[in-house]
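J.: Here it is, the structure, as structure tokens.
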There are 2 protein chains.
Amino acid sequence: MTEPLATPCLLIHRDIVRQNIQRLADYAAQHEIDLRPHTKTHKSQLLAAMQLKAGAVGLTVAKVGEAEVMARTGDDILVAYPTVDKPRTRRLARLAQHKTIRVAVDSTVAADALAGEARRVGTTVGILVDVDVGLHRTGVASSNLALALAQHVDRAAGLRLDGLFCYPGHVWDRPDGQAHALAQVAQTLAETLDLWWRHGLEAKIVSGGSTPTAYQSHLIRELSEIRPGTYVLNDMNTVRGGFCSLSDCAAQILSTVVSNAVPNQVVLDAGSKTLTSDLCRPAPDSGHGYIVEYPDARIPALTEEHAQVDISRCATKPQIGEQVTIIPNHICPCMNLQDSFWWQEGDATPEAVRIDARGMVS
Amino acid sequence: MTEPLATPCLLIHRDIVRQNIQRLADYAAQHEIDLRPHTKTHKSQLLAAMQLKAGAVGLTVAKVGEAEVMARTGDDILVAYPTVDKPRTRRLARLAQHKTIRVAVDSTVAADALAGEARRVGTTVGILVDVDVGLHRTGVASSNLALALAQHVDRAAGLRLDGLFCYPGHVWDRPDGQAHALAQVAQTLAETLDLWWRHGLEAKIVSGGSTPTAYQSHLIRELSEIRPGTYVLNDMNTVRGGFCSLSDCAAQILSTVVSNAVPNQVVLDAGSKTLTSDLCRPAPDSGHGYIVEYPDARIPALTEEHAQVDISRCATKPQIGEQVTIIPNHICPCMNLQDSFWWQEGDATPEAVRIDARGMVS
């Protein structure tokens, strides 16, 4: 008998990953929308290569460290993040000497910083103008401001105005309904594109999308590409949000029951240093993840290395030493806490795969 | 002019670390309590060595991976965690061949697993019996159960009964008052020790303590040693809990303002992949960390790589591109998200130091 895997660890099912990638690739092809998956979810060159092979036009990253890693796998990288400081803009300009690099920016400061570094090394960085479509995180606040920034970029040597960028991360829990929120996103994009058009500017790329809105992307006709991340693995956020089912969750945390000393409770060895403290966004009271073998169990509390599991509603009780399977609330930060994952193909012995861009925070 | 550090990054001030270590070392010496700092906070051999040099009797860890790292710096390691599975117990037994290894356990299953592996390699593992003093996370539920487990350990070849263990992590936010909670901890320990004594068993070590209760440890006369972790660095949990002041916080996250596109808000490049989603335990509504340069700012929302900062109450506004300093809510999981920290001595250029046990989850 083979020894169990040391826990806590991350197991990823290849078959489910393949299905998740293919399903969205088919949808994107059917609706003629380009797919540029956000690799911040998995931080893995292996998974990025699978996405590119299934037809993705390029890759998305948040940080420059991720861009440097993913540029080893893809030739066309979008940094969906406003880089503004010298260390970051310099590294991006260097990367743009050999790869297609685009950056989403929402300020002239960021645009000028990138332009300066690009000119210094004799290259060009593509710019998408980030417009706020309702999340109020980044993005210029109006179509007029988007026009002004686009004109600024268009005039700047070292930059190439490639299009428009938005992140509709607010749509899925919109109290006035997703359809209404999507229509507002479409309206903001349409107004901005019309304004650009009237001032002689073109948006070759209109980039949007997220996992929750991925299969509604065709309803926003202005979009040319989408950047979902989580869909490749899924998690309890996407399950409880109604965007997939439990069987679509490719990533699981294996964990061991290490204590049953407190009545009606067991303790697992996966705490917030494994599962993170992220609550489930569509169901904040559902606890810290879902235990596959014990659907009636609930994880009300995490400390750094302990999950306290309420087993009072479980007909059979987890035994000390037993290994259980957790689907985490939010898979993206969980991947970032592991150095490697176990890659499971059918019944074969899983292989360890390095998480290439783990911890690349800058 | 030197280039600014790439952000987000972790800066640790050596002078403050030294003061924090010395202050608690002095207290422990004064009250003749042994100090065995929990290294899960810093995961750094450098900081562990400073603690040992200041008189710590040994080091505490949560996970076996941490034990393996810290055993390169210290000879006496307490694993304050119930190891039960084969991968972990086997590795600990190997470690015990060359170092003093103790483990806190709360079940015969864990004791037997460790005994079996210890016998297999011809060594002995020291055992502390974990008794629940009110947190209800791990620990046997009564003095009688603690006696039964101690007798089991005492009979087992491969094990050495070294004492009693508790974690009074519930004391600091006890509604009926800390003094009352501390008295209850003392009572549980006294009852258990008396019962052991009457059955011919001795507890050479009685291990307790945490940062919030550290300076009250002498009020629990039964304790022979304490295991505080956070005190070496401190964070907003310990500041807002009233256990230290802002100037005692040795660890800071440097972060850059990357967007100011949304009115009354700036966005910092430190999100939950840097600060974690941990709220401040004594003040859950205080936001995601404290910005030193802008005490009137508040961080109400984090996403993975963005901190949204409400600056409506700031007299002067942070500028895009500006670097700011954040004291995180909970430093322990933040350390675990960085590969290295910047070690600052006075005005010298900071040096990069590897975080040796980062990511050692099993």
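J.: Within segment B:199-222, track down each residue that is under 15 Å from B:Ala56 (Cβ atoms) and either part of a loop (DSSP other than H, G, I, E, B) or open to solvent by less than 10 Å² (accessible area, probe 1.4 Å) (or both).
T.: B:Ser207, B:Gly209, B:Thr211, B:Ala214, B:Ser217
J.: Condition first: open to solvent by 10 Å² or more (accessible area, probe 1.4 Å) and within 20 Å of A:Ile127 (Cβ to Cβ). Can you find one or more residues in segment A:172-188 that meet it?
T.: Yes - at least one qualifying residue is present in segment A:172-188.
J.: Quick check on B:Val103: is it within 14 Å of chain A (Cβ to nearest Cβ) and assigned to a strand (DSSP E or B)?
T.: yes
J.: Let me ask something else. Name every residue in segment A:106-120 that is touching a Gly at 6+ places or on another chain (Cβ under 9 Å) and more than 10 Å from chain B (Cβ to nearest Cβ), in order of residue number.
T.: If the condition is that a residue be touching a Gly at 6+ places or on another chain (Cβ under 9 Å) and more than 10 Å from chain B (Cβ to nearest Cβ), then A:Leu114, A:Ala115, A:Gly116, A:Glu117, A:Ala118, A:Arg119, A:Arg120 are the ones that fit.
J.: Which residues, counting only those in segment B:296-329, are open to solvent by 30 Å² or more (accessible area, probe 1.4 Å) and out of contact with any strand residue (DSSP E or B) (no Cβ under 9 Å at 6 or more places or on another chain)?
T.: B:Asp296, B:Thr303, B:Ala315, B:Thr316
J.: Moving on. If the requirement is being open to solvent by 10 Å² or more (accessible area, probe 1.4 Å), more than 22 Å from B:Ala56 (Cβ to Cβ) and modelled with pLDDT of 95 or more, which of these qualifies: B:Arg102, B:Arg90?
T.: B:Arg90
J.: Quick test of your reading of the structure: A:Ser247 fulfils all but one of (1) in contact (Cβ under 8 Å) with a residue 12 or more places away in the chain; (2) over 30 Å from A:Thr188 (Cβ atoms); (3) open to solvent by 10 Å² or more (accessible area, probe 1.4 Å); (4) assigned to a loop (DSSP other than H, G, I, E, B). Name the failing condition by number.
T.: Going through the list (1) in contact (Cβ under 8 Å) with a residue 12 or more places away in the chain; (2) over 30 Å from A:Thr188 (Cβ atoms); (3) open to solvent by 10 Å² or more (accessible area, probe 1.4 Å); (4) assigned to a loop (DSSP other than H, G, I, E, B), A:Ser247 breaks only (4).
J.: Could you list all residues from segment B:297-353 that are away from chain A (no Cβ under 14 Å), of a type in the set (A, V, I, L, M) and under 26 Å from the mean Cα position of the chain (by Cα)?
T.: Passing the criteria: B:Ile327, B:Val353.
J.: Tell me, please, whether a residue that is part of a loop (DSSP other than H, G, I, E, B), basic (Lys, Arg) and under 23 Å from B:Gly359 (Cβ atoms) can be found in segment B:83-91.
T.: Within segment B:83-91 (the criterion being part of a loop (DSSP other than H, G, I, E, B), basic (Lys, Arg) and under 23 Å from B:Gly359 (Cβ atoms)), the answer is no, since none of the residues qualifies.
J.: Of all residues in segment A:61-100 being more than 14 Å from chain B (Cβ to nearest Cβ) and small (Gly, Ala, Ser), which is farthest from B:Ala261 (Cα to Cα)?
T.: Taking the candidates together, the pick is A:Gly74.
J.: Where in segment A:1-70 are the helices (runs of 4 or more DSSP H), entirely inside, with at least 2 residues that are of a type in the set (A, V, I, L, M, F, W, C) and more than 18 Å from the chain's Cα centre (by Cα)?
T.: No helices (runs of 4 or more DSSP H) qualify here.
J.: Can you confirm whether A:Tyr290 is at pLDDT 95 or above, hydroxyl-bearing (Ser, Thr, Tyr) and open to solvent by 20 Å² or more (accessible area, probe 1.4 Å)?
T.: Against the criterion (at pLDDT 95 or above, hydroxyl-bearing (Ser, Thr, Tyr) and open to solvent by 20 Å² or more (accessible area, probe 1.4 Å)), A:Tyr290 qualifies.
J.: Which of the residues spanning segment B:146-166 are in contact with a strand residue (DSSP E or B) (Cβ under 7 Å, 6 or more places away or on another chain), open to solvent by 60 Å² or more (accessible area, probe 1.4 Å) and either of a type in the set (Lys, Arg) or not in a helix (DSSP H, G or I) (or both)?
T.: If the condition is that a residue be in contact with a strand residue (DSSP E or B) (Cβ under 7 Å, 6 or more places away or on another chain), open to solvent by 60 Å² or more (accessible area, probe 1.4 Å) and either of a type in the set (Lys, Arg) or not in a helix (DSSP H, G or I) (or both), then B:Arg160 is the only one that fits.
J.: In the list B:Gln97, B:Gln30, B:Gln45, B:Gln22, which residue meets the criterion of being open to solvent by 10 Å² or more (accessible area, probe 1.4 Å) and closer than 30 Å to B:Glu305 by Cβ?
T.: Of B:Gln97, B:Gln30, B:Gln45, B:Gln22, the one residue that is open to solvent by 10 Å² or more (accessible area, probe 1.4 Å) and closer than 30 Å to B:Glu305 by Cβ is B:Gln45.
The values are calculated or read from the model by the stated rules, or taken from the named source; none is laboratory data. For clarity, every value in this text was computed on a predicted model and none was experimentally measured. Cβ coordinates were reconstructed from backbone atoms using ideal geometry, including for glycine residues, and neighbour counts include every protein chain displayed. When the accessible area is computed, the model is the full protein with side chains, heavy atoms only, and any ligands, DNA or RNA have been set aside. Shrake-Rupley method; radii C 1.70, N 1.55, O 1.52, S 1.80 Å.
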